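A.B. asks: I am attaching a structure below and will ask some questions about it afterwards.
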Amino acid sequence: MDFTVSSVASAMTSPRLRRVMRRSALAALAVAAVLAAALGLALLVYPSLYVWRSVTLGDSDVDDQFRFPRREVHAAPGARELPLAPDEARVRRAFARALPGKDLERWLAANETQGFVVLQGRQVIYEGYFNGHRREDTATSFSVAKSVLGTLVDLAVAEGRIGSLDEPLTRHVPELKARDARFERITLRHLLDMNAGLHYVEYPFLTSDGAKTYYWPDLRALALQGSTVERPPGEAWLYNNYHPLLLGLVLERATGVPVAKWLQDKLWQPAGMAADASWSLDSEATGFEKLESGLNARVLDFARFGQLFLDQGVAADGTRVLAAETVRAATSPERAVSLAQLRPGAYYKHFWWGQRRADGGYDFSARGNHGQFVYVSPRNGVVIARNGRSYGVPAREWIVLFEALADALGAQAPNR
């Protein structure tokens, strides 16, 4: 069919096309009006900074560490790295046993890994950095921060700042009892084990607890006013970001210092972390740590956190940071919440994920969104830390890989 300028112009000015264009324009205006009305309503209901973050940032990502204000966590002057004992060939052989036919570095890079560190014998036997990440760069932890927070609570108990994990939440946050007497039945242990009975809905976006506990500009106020009791504590496990926020309030009040300062003085420096870290804040105005997700550090120092637990609370220089019984109580299957519905032998406790092994032992890990992991295998003497831009593969595949890699490294250990 031949088209001429006049025929095209005639078609564009036809009554039918004009009606279609008019209807499309009206539909676009209607959609814009609805969106504007929804935005206006949201601004009436929610803080403007929360609405702006939710609309413009969308889902969380690993670059959020650069979008939030932060509180610095300084390493001790003169802190040293863990000893290096590179054994890449042995790690590659172990990886080949775990994932036959796959090349370690290519597979890690293809699955959006930033850093991958393996410790064995208290030494760094492998470290690799991918997709533009460098050794000195910090990675954000997401919920690995929860496992660190649980450790900070333990340190406050050890110093007598908190009497016991079994004391009621309302002993430290009495405002909650005034709002709902049922809060008095919730203990700190319930919060650490994610079975406090608090209401939590991940979606829909903007109205969800997931978005609020991540983007709200005053997380203290959100924890005090937004947390609600849904069922008696101890009845059911529910992963819920109000738990770390409430524990952050407890820790801040019990110690009299910001959580990041407590981390620096009681864990980061005594454990010998070799580089500075930071903890993201909800806003400059309120300065409360994003306790559900905001710890930022090098992959090497996340691995060192795992090594501290592998060594039953003793740092590389021999300093005892945590009691051995505290480490066992936080990570063993005893008194843990069973997650057999997710995987046979799986459990959750004290903000740690655990897995019973066939020989009666157990491995445990700290886990964060988008594929942040600190994996500890006591029977193999192995710690694996992985940070990434995304999971790349389903989260469970990482855990299965870590198990197989740790077992292979344990079998191939030079002293075995």
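The values are calculated or read from the model by the stated rules, or taken from the named source; none is laboratory data. Please read all numbers here as calculations on a predicted model, not as lab measurements. So basically every Cβ, Gly included, is an ideal-geometry build from the backbone, and we count neighbours across all protein chains shown.
A.B. asks: Test F288 against the criterion of being among the aromatic types (F, W, Y), assigned by TED's automatic domain parsing to the domain that holds E81 and touching a helix residue (DSSP H, G or I) at 6+ places or on another chain (Cβ under 6 Å), and give yes or no.
C.D. replies: yes
A.B. asks: Would you call A221 more than 22 Å from S48 (Cα to Cα) and surrounded by fewer than 22 Cβ atoms within 10 Å (Cβ to Cβ)?
C.D. replies: no
A.B. asks: What number of residues within the range 199-231 satisfy the criterion of being modelled with pLDDT of 95 or more and aromatic (F, W, Y)?
C.D. replies: 4
A.B. asks: Hey, any hits in the range 235-247 for a residue that's within 26 Å of D265 (Cα to Cα), outside any loop (DSSP other than H, G, I, E, B) and among the aromatic types (F, W, Y)?
C.D. replies: yes
A.B. asks: Further question: So which helices (runs of 4 or more DSSP H) are wholly in the range 298-416 and hold at least 3 residues that are in the same structural domain as H243 (by TED's automatic domain parsing) and charged (D, E, K, R)?
C.D. replies: Helices (runs of 4 or more DSSP H) meeting the threshold: 395-412.
A.B. asks: Still on this structure, please answer the following. Exactly one condition in (1) under 27 Å from R71 (Cα atoms); (2) surrounded by fewer than 22 Cβ atoms within 10 Å (Cβ to Cβ) is false for W107; which is it?
C.D. replies: That leaves (1) as the condition not met.
A.B. asks: Of all residues in the range 307-329, which are touching a Ser or Thr at 6+ places or on another chain (Cβ under 8 Å) and on the phi > 0 side of the Ramachandran plot?
C.D. replies: G313
A.B. asks: May I ask you to verify whether R231 is in the same structural domain as V321 (by TED's automatic domain parsing), outside any helix (DSSP H, G or I) and basic (K, R)?
C.D. replies: Yes; evaluated as a whole, the condition is true for this residue.
A.B. asks: Still on this model: Give V327, V321, V299, V314 a once-over and let me know the one that is more than 26 Å from R135 (Cβ to Cβ) and among the β-branched types (V, I, T).
C.D. replies: After ruling out the rest, the residue left standing is V327.
A.B. asks: Suppose we keep only residues that are over 19 Å from the mean Cα position of the chain (by Cα) and surrounded by fewer than 19 Cβ atoms within 10 Å (Cβ to Cβ) within the range 230-246. Which one would you say is nearest to L152 (Cα to Cα)?
C.D. replies: G234
A.B. asks: Taking interchain pairs and intrachain pairs at least six residues apart, which have beta carbon atoms under 9 angstrom, with the first residue in the range 287-306 and on the phi > 0 side of the Ramachandran plot and the second in a loop (DSSP other than H, G, I, E, B)?
C.D. replies: Matching pairs, first to second residue: G287/P69; G287/P258.
A.B. asks: Have a look at A260, A223, A274, A254 and point out the one that is assigned to a loop (DSSP other than H, G, I, E, B) and assigned by TED's automatic domain parsing to the domain that holds R122.
C.D. replies: A274
A.B. asks: Next up: Please pick out the residue among Y391, Y348 that is more than 22 Å from T113 (Cα to Cα), touching a residue at least 60 places away in the same chain (Cβ under 8 Å) and either under 20 Å from the mean Cα position of the chain (by Cα) or surrounded by fewer than 19 Cβ atoms within 10 Å (Cβ to Cβ) (or both).
C.D. replies: When all the criteria are applied, what remains is Y348.
A.B. asks: Kindly provide the set of residues from the range 75-85 that are in contact (Cβ under 8 Å) with a residue 40 or more places away in the chain, assigned to a loop (DSSP other than H, G, I, E, B) and either outside the structural domain of T319 (by TED's automatic domain parsing) or surrounded by fewer than 17 Cβ atoms within 10 Å (Cβ to Cβ) (or both), ordered by number.
C.D. replies: The answer is A76, R80, E81, P83, A85.
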